[in-house]
Amino acid sequence: DIPDDLFISIFALGRIPGWTLQCVEQYKDNILLRPLTEYIGEMDLEYTPIEQRT
């Protein structure tokens, strides 16, 4: 059994090769594999404190 405090580290360790390859491919091909999203909602809205919201 894997100790609870090591689980996340070991889980991430198995993902590192894939993450690394994605970075290498993105750098090599000079493209964004996950393009930025564009916000299309209303702009310049005034902030309403949570206590005053309905």
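Tell me which trypsin sites (Lys or Arg not before Pro) from the chain have a DSSP coil assignment and no more than 15 other beta carbons within 10 Å of their own. Please list the in-between numbers first.
On the way: sites: ARG15, LYS28, ARG53; in loops: ARG53.
Sites meeting the loop and neighbour criteria: ARG53.
Taking the C-alpha atoms only, the angle from helix 4-29 to the longest principal axis of the chain is near 90 degrees.
Computed over the Cα atoms of region 4-52, pair by distinct pair, the Kirkwood hydrodynamic radius stands at 15.2 angstrom. Full extension of the chain between TRP19 and TYR39 yields a length gain of 4.6 nm, computed as 0.36 nm times the residue separation minus the alpha carbon distance. Qualifying GluC sites (Glu not before Pro) in region 20-51, where qualification requires a DSSP coil assignment and no more than 14 other C-beta atoms within 10 Å, comprise GLU38, GLU42, GLU46. Checking every one of the chymotrypsin sites (Phe, Trp or Tyr not before Pro) in the chain against DSSP loop status and a limit of 12 other Cβ atoms within 10 Å picks out TYR39, TYR47.
None of the figures in this text is laboratory data; all of them are computed from the coordinates on show. Predicted, not measured: the structure shown is a model, and the values here were computed from it. Quick reminder, even Gly has a Cβ in these numbers, built from the backbone with ideal geometry, and neighbours come from all protein chains shown.
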